Amino acid sequence: MSATKVAALVRAKKITAVELVKLCYKRIDEVNPKINAVVIRGLIGRWIEAEPDMVVAASLRTGLDAVNQVERVGPDVAVLDIEMPDLDGIAALPLLLAKKRNLVVIMASTLTRRNAEISFKALSLGASDYIPKPESTREPAAAETFRHDLIQKIRHLGAKLRRPVPAAASPPLAPALDRGLPNRPALAPVAHPQLLRRAFSTHPPRALLIGASTGGPQALMALVSEIGPVIDRFPVLITQHMPPTFTTILAEHLARASHRPAHEGVDGEIVKPGRIYLAPGGRHMRVVRQGAHAAIALDDGPPVNFCKPAVDPLFASAAEVWGNKVLALVLTGMGSDGLAGAKTIVAAGGHVLAQDEATSVVWGMPGQVTNAGLCSAVLPLPDIAAKLTRLFVGERQ
C-alpha cells in the first residue's frame, strides 16, 4: 500500500489512526525484521530519555559493539537482547560482566521456550533480571506494558547500584549476609530503625505461600533445594511475577532443584502435600475450599498491582482457607504486591516472613511488609530454609 493511498484512507475516515500505526508496523515487520529491531531500539531510547532520572549512554546494534564499548561508555544498566548479530546476548553477558563487574544487566527476549530457557541461563550467569519483549510492535497495549516494566526495572535496579553504603549494621531483625549471591559481589549490611517483630503463634502451619518478583527465580531455586522436609509434608504455593512460557520453564527448574513434583497450578486440582504449585503466567492463582480439601482456582481477571499473576490474591485466599495455619514468605521483588495479602494473613492469625534487604535484588515487596510491621522474621536468603524447616516441625521462636 502506497503512502498516498494510506493518507487518502485517513482523510476519508476509513481507517483510524491506531489502525494506521498497526498497518505501518505490520509492513515493517514483514519487509525486514532488522528494521523492527531498529524500531524497538529507537523506542527504548526515547522512553529512557523521557525519564528525568535516566539517560541513554549508548544504543548499539550488536553484542560485540557492547563488549567493545562498555568500558568507554561506563553504563550503570545494560538492556541486552538475546538475539543479536555477531555476538548474541548470552555470549556477550559474561564478557560484559568481566569488564564491568557491577553492571546491572536486564535480558530482553521474546516469549518463546528457547528464549525463556536462555533467560534462565542468563540469570545463573549473573544477569540481574529479564524482560519479555512484545512479539510485535503492532499492539500499542503490549508496547505500553513493555515500556512500564522496562522503566521500572531500570529505575529500581539502577537505584540499588547507586545506593550509598551505610556504616551501621542491620538490626537483629534483619541480619546481614556474610557472602554474596552467586556471580555477584558480597553486599554490605543495610541500616534500618528497629522494626516490630510479631511473635509466632502456637499453631503449626499447614501450608507455605511464597511471593516473589525481581530476583525471585534465583532466590526460589536456592530455597527449594533446601526445604525438602517442608515440601514432603506440606503444600508449597508460589506466585512469581512472570509471563506465560517462562512460568512453565520455572516450574521445571524448581522440580529439578527440589527433587519434588512442581508444576503450574491447574484450575480445580486438589492441593496436596509433597508438591509445589506455581501460578501460571497470565493467570491469578487462588486457593478455595472444596469440601474437606483446598483446591486451586485460576482466573483471568485484571492485573493486581500491575501484575498477573499477583501475590495478593494467593495470600488473601490462603488466609480464608487455612486461617491461622498459613505461613507466607515474601522474597525479593519490586513494588508492593503481597502487602495487602500479608495484612489479611496476619489478621487471620497467620504469619509472614521476609527476605532481608542485603540479599534481595530489590527490597520492594519484602521491604513493604517489613516496614508495615507484619513480619515475624526478616532473614538473609541462606537462613530462610533452616527457619522454615524448624517452624514447620513445631518451633515457635
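The values are calculated or read from the model by the stated rules, or taken from the named source; none is laboratory data. Computed from a predicted structure; not experimentally measured. Using ideal geometry, Cβ is built from the backbone for each residue, glycine included, and neighbour counts are taken over all protein chains shown. All accessible areas refer to the heavy atoms of the entire protein, side chains included, with ligands and DNA or RNA removed. Shrake-Rupley method; radii C 1.70, N 1.55, O 1.52, S 1.80 Å.
List pairs: first residue in the range 110-134 and free of Cβ contacts under 8 Å to residues at least 24 places away in the same chain, second residue open to solvent by 20 Å² or more (accessible area, probe 1.4 Å) anywhere in the structure, Cβ distance under 8 angstrom, at least six positions apart or on different chains.
Pairs that qualify, where the first residue is free of Cβ contacts under 8 Å to residues at least 24 places away in the same chain and the partner is open to solvent by 20 Å² or more (accessible area, probe 1.4 Å), are Pro134/Ala142; Pro134/Ala143; Pro134/Thr145.
Just give me the residues in the range 84-112 being more than 17 Å from Phe146 (Cα to Cα) and assigned to a loop (DSSP other than H, G, I, E, B), in sequence order. Before you say what the answer is, go through the steps one by one.
Here is the first cut: in the range 84-112, the ones more than 17 Å from Phe146 (Cα to Cα) are 84-104.
Met84, Pro85, Asp86, Leu87, Asp88, Lys100, Arg101, Asn102, Leu103 - these are the residues of the range 84-112 that are more than 17 Å from Phe146 (Cα to Cα) and assigned to a loop (DSSP other than H, G, I, E, B).
Could you check how many residues of the range 234-257 are over 17 Å from Ala279 (Cβ atoms) and touching a helix residue (DSSP H, G or I) at 6+ places or on another chain (Cβ under 7 Å)?
At the first step, the residues of the range 234-257 found to be over 17 Å from Ala279 (Cβ atoms) are 234, 256-257.
Next cut, touching a helix residue (DSSP H, G or I) at 6+ places or on another chain (Cβ under 7 Å) only: 234, 257.
Result for the range 234-257: 2.
Of the conditions (1) in contact with a Gly (Cβ under 9 Å, 6 or more places away or on another chain); (2) modelled with pLDDT of 70 or more; (3) aliphatic (A, V, I, L, M), Leu181 clears all except one; give me its number.
Here Leu181 meets the rest and fails (2).
Just one of the numbered conditions (1) assigned to a strand (DSSP E or B); (2) β-branched (Val, Ile, Thr); (3) in contact (Cβ under 8 Å) with a residue 60 or more places away in the chain is not true of Val361; which one?
The single condition Val361 does not satisfy is (1).
Name the residues in the range 335-348 that are open to solvent by less than 30 Å² (accessible area, probe 1.4 Å) and assigned to a loop (DSSP other than H, G, I, E, B), would you?
Matches in the range 335-348: Asp337, Gly338.
Pick from the range 297-334 the residues that are β-branched (Val, Ile, Thr) and part of a helix (DSSP H, G or I): which of them is most open to solvent (accessible area, probe 1.4 Å)? Working first, answer last.
Let us first name the residues in the range 297-334 that are β-branched (Val, Ile, Thr), namely 304, 311, 321, 326, 330, 332.
Within this subset, residues satisfying the condition of being part of a helix (DSSP H, G or I) are 311, 321.
Working: Val311: 1, Val321: 23 Å².
Out of the qualifying residues, it is Val321.
Give the residue, chosen from Ala127, Ala92, that is within 15 Å of the chain's Cα centre (by Cα) and buried (at least 22 other Cβ atoms within 10 Å of the Cβ).
On the way: Ala92 fails: within 15 Å of the chain's Cα centre (by Cα).
Result of the check over Ala127, Ala92: Ala127.
Among helices (runs of 4 or more DSSP H) lying entirely in the range 209-278, which contain 3 or more residues that are at pLDDT 95 or above and surrounded by 17 or more Cβ atoms within 10 Å (Cβ to Cβ)?
Details: elements: 216-224, 228-233, 246-258.
Helices (runs of 4 or more DSSP H) meeting the threshold: 216-224, 246-258.
If I filter the range 43-65 down to residues being part of a helix (DSSP H, G or I) and of a type outside the set (D, E, K, R), which single residue comes out as surrounded by the most Cβ atoms within 10 Å (Cβ to Cβ)?
Ranking the qualifying residues of the range 43-65, first place goes to Gly63.
Out of all the residues in the range 66-85, which are open to solvent by 50 Å² or more (accessible area, probe 1.4 Å), out of contact with any strand residue (DSSP E or B) (no Cβ under 8 Å at 6 or more places or on another chain) and in contact (Cβ under 8 Å) with a residue 12 or more places away in the chain?
Residues satisfying the conditions are Glu71, Pro85.
Among what's in the range 121-147 and is within 13 Å of Pro243 (Cβ to Cβ) and in a helix (DSSP H, G or I), pick the residue that is modelled with the highest pLDDT.
Checked the range 121-147; the qualifying residue modelled with the highest pLDDT is Phe146.
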